1. What's the FRET efficiency of Arg249 with Gln299 using the Cβ-Cβ distance as r and R₀ = 22 Å, to the nearest 0.05?
2. For the Cα atoms of the chain, what angle does the longest principal axis make with the long axis of helix 291-311, in degrees from 0 to 90, nearest 10?
3. Within region 123-150, what residues put their amide N at less than 15 Å from the label point 7 Å along the Cα-to-Cβ vector of Asp73?
4. If the only charges are +1 at each Lys and Arg Cβ and -1 at each Asp and Glu Cβ, what is the size of the charge dipole of the chain around the Cα centre, to the nearest 20 debye?
5. Assuming R0 = 45 Å, can you tell me the calculated FRET efficiency for the pair Glu307 and Glu199, based on Cβ-Cβ distance, to the nearest 0.05?
6. Among Asn271, Gly204, Met251, which residue has its Cα positioned farthest towards the positive end of the charge dipole of the chain, with +1 placed on the Cβ of Lys and Arg, -1 on the Cβ of Asp and Glu, and the dipole taken about the Cα centre?
7. Might you report the magnitude of the Cβ-based charge dipole of region 211-324 about its Cα centre, with Lys and Arg at +1 and Asp and Glu at -1, to the nearest 20 debye?
8. Where the centre of each part is set by its Cα atoms, how far does region 57-97 sit from region 273-319, in angstrom?
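The values are calculated or read from the model by the stated rules, or taken from the named source; none is laboratory data. Quantities reported herein were computed from a predicted structural model and do not represent experimental measurements. Glycine gets a Cβ as well: all are built from the backbone with ideal geometry, and neighbour counts include every protein chain shown. Side chains are part of the model used for accessible areas, which takes the heavy atoms of the whole protein and leaves out ligands, DNA and RNA. Shrake-Rupley method; radii C 1.70, N 1.55, O 1.52, S 1.80 Å.
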Amino acid sequence: MSLPEIDGERLLSALAQLGRIGGLDGGGVCRPALTDEDKAGRDWVVGRMREIGMQVTVDGIGNVVGVYAGREDLPPVMTGSHIDTVRTGGLYDGNYGVLAGLEAVRVLREAGIRTRRPLAVAFFTNEEGARFAPDMMGSLVFQGDLSLDAALATRGIDGTTVAENLERIGYRGHAPVGAARVGSFVELHIEQGPVLDLESVTIGAVEGVQGISWTEFTLSGTSNHAGTTPMRFRHDAGLVAARISCFAREMAREMGGDQVATVGALNLFPNLVNVIPSRVVFTVDLRNTVGAMLEDAEQRLWAFADEASAAEGVTLSRRSLARFDPVKFDPALIGLVEATARELGYSVRRLPSGAGHDAQILARMCPAAMIFVPSVAGLSHNVREHTEPADLVAGARVLLRVLMQLADRQPDQ
Ligand code: HGY
Ligand code: MN
Ligand code: MN
């Protein structure tokens, strides 16, 4: 029996269609979690799930799961990702894994194939975490390590709550959270880094996800006249923020290895040309594949921040927005991804993920793994994010076969 094949044109067309929802002039996508654009994207994907004949459920945090029944009522093999994007997002981050999962189910249905286990395709709410921290919020609630109430009460960078926005877009569902049965989870995603592209490798068998530490700092100094205030009298919150930002960069360079540090969000108050800033709120994103190194980086950064603010007579407070230890994926699933890619004739290599993903949360409740395809020039969280069509199709073909093997393997496997 010939195996069903991914319809590449249909997958690429679906990506283009979804990419037009929240599409930016000149390219890219702006579909932040729980915005009207996110709602429109959700509605469109749910429509595709229903077209394929999937049973669709929405849970209390808005996670959407489509299920294609199997021959037996067993915990499903699940795939999927997210469809929310950062404000300057690309076509593929998250969206690709969801639409490739739907394409895989569609070709099985068209071929009249029912796998032993059900197949589920999910998109999780607010994976990005850029509007409402932490990231992977929906999958954390789905898995149970973040309470639904805490997630719903979370206030975003615009001051509104997750609950308000979820209700406004009509996705505060009724399916229970925290107790789902999932047999295994495989997420297909673009690498978002430069490794596969630089080495011209088509498939990544992802070994795990690096640790993530997001901290929000609030500095309070004294606003004063930019012209009349002698330098020795200043308590300049803006200066301290700048020193911490430079320290973070220098520390990451010095630590080497996989250490990265980013000051991505920074707000000065009153943000006027002739006023010494009295208040600065900014974020530092630290990551490392080695847990102990990430802790060391945090301690060094926080110690410097305390010193720099004391030296300027500025008060400092900080709060954690997100904190994830490094995660290792399931060795057998990693091996399955690698072997399946090889069987299909693709070059493949193992690598860690620099970006956070829902798979790292699902890994707390079932065997999980990821499949990567190359990002051209490693660009992502950038409107010019791009993956070659042939690579997009290759990743979907590997996903289809991995899902079929997982869904049909015998009990003892
Ligand atoms: O920040 C991340 O790694 C992911 O894109 N949320
Ligand atoms: Mn993503
Ligand atoms: Mn992302």
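1. 0.80
2. Around 20 degrees separate the two axes.
3. none
4. On the way: 39 positive and 51 negative charges, 77 e Å.
So the magnitude is around 380 debye.
5. Working: r = 42 Å, r/R0 = 0.92.
E between Glu307 and Glu199, to the nearest 0.05, is 0.60.
6. Of the candidates, Asn271 comes out farthest on the positive side.
7. So the magnitude is around 300 debye.
8. 36 Å
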